[in-house]
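Input: a single structure, listed below in structure tokens.
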Amino acid sequence: MANLLSNFRNTIILSLLLAALMIFAFGRVAPGGFDLGFWQAVLRWAHVGSGILWIGLLYYFNFVQIRVMPSIPAELKPAVGKHIAPEALFWFRWAALATVVFGVGVLFTRGHAYAAEVLSFGLAGGLVQGDQGFMLMGVGVWLAIVMFLNVWGIIWPNQKRALGIVVVDDDKKAKAARVAMLASRTNLLLSLPMLTSMAMYQTLFG
Ligand code: HEM
């Protein structure tokens with residue numbers, strides 16, 4: 001067991017296999033079996049899993065790395081800039097993409113009408129009484145989409161310059177680091193309101 005646990009790749013593969021077993025067990029006992037509802041639940045699982053990885057890394061950057069970086073001695077900074085940050089950013093940006101893909105999957109497996117209502121803040125159904133829930137869920141989904149665009153459109157391109165993956169002069173490098181930091185802070189700011197829609201909608205509206 002210690003051998004297995006000392007290998008990251010094998011541990012994550014085993015974790016996925018155990019989860020697959022659980023997912024299969026759910027399909028076997030679910031009232032509808034392996035129907036569309038089952039696949040919606042699988043997508044929901046994948047969505048929350050990748051969301052944890054994405055937002056977990058966003059929180060690592062904001063709770064730890066950005067705050068501690070200024071107090072790290074100059075000769076040690078490359079350990080973060082050249083080794084830790086690029087790896088964290090790799091999982092961060094791909095987890096963001098996976099979260100959106102699976103989230104959109106959940107939206108559409110709940111039906112096109114639901115997707116249209118949420119994406120239009122309830123306007124698709126005429127914003128009649130009872131559509132307010134769609135509006136609140138729509139706010140969360142659009143906040144998450146803005147956060148995703150921020151990751152791929154602003155944070156990652158600027159981090160590439162700040163970390164020296166794309167070579168630019170020192171002035172541009174410092175500017176890129178500042179833009180990336182502010183964009184990351186913006187996502188931190190949006191993260192909790194976004195999560196409110198994601199986490200509260202199903203319990204309150206079904
Ligand atoms: C841009 C992308 C996103 C889209 C399109 C999206 C879409 C959705 C949808 C449609 C649901 C189901 C809501 C319902 O019950 O009807 C959902 C649930 C959820 N989402 Fe997202 N989401 C996105 C981003 C995120 C992010 C970044 C997180 C961060 C962790 C997240 C976490 C969750 C959680 C925890 C649930 C609740 C699952 C449950 O209670 O069953 N989502 N999302």
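The values are calculated or read from the model by the stated rules, or taken from the named source; none is laboratory data. These figures come from a predicted structure and were not determined experimentally. Every residue, glycine among them, receives a Cβ derived from its backbone with ideal geometry; neighbour counts consider all protein chains shown.
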Residue match in the range 150-157 (condition: out of contact with any helix residue (DSSP H, G or I) (no Cβ under 6 Å at 6 or more places or on another chain), of a type in the set (S, T, N, Q) and either surrounded by 13 or more Cβ atoms within 10 Å (Cβ to Cβ) or within 28 Å of residue 86 (Cα to Cα) (or both)): no
Taking the options 94, 54, 39, name whichever one is out of contact with any helix residue (DSSP H, G or I) (no Cβ under 7 Å at 6 or more places or on another chain) and part of a helix (DSSP H, G or I). 94
Listed residues 178, 185, 161; which is crowded, with 17+ Cβ neighbours inside 10 Å, of a type outside the set (Asp, Glu) and modelled with pLDDT of 95 or more? 161
Return a yes/no flag: does the range 174-185 have any residue that is in the same structural domain as residue 50 (by TED's automatic domain parsing) and within 9 Å of the ligand (Cβ to nearest atom). no
If you go through 44, 110, the only one that is in contact (Cβ under 8 Å) with a residue 24 or more places away in the chain, over 30 Å from residue 184 (Cα atoms) and within 12 Å of the ligand (Cβ to nearest atom) is 110
Tell me whether the range 70-85 contains one or more residues that are of a type in the set (Ser, Thr, Tyr) and either within 23 Å of residue 22 (Cβ to Cβ) or surrounded by 14 or more Cβ atoms within 10 Å (Cβ to Cβ) (or both). no
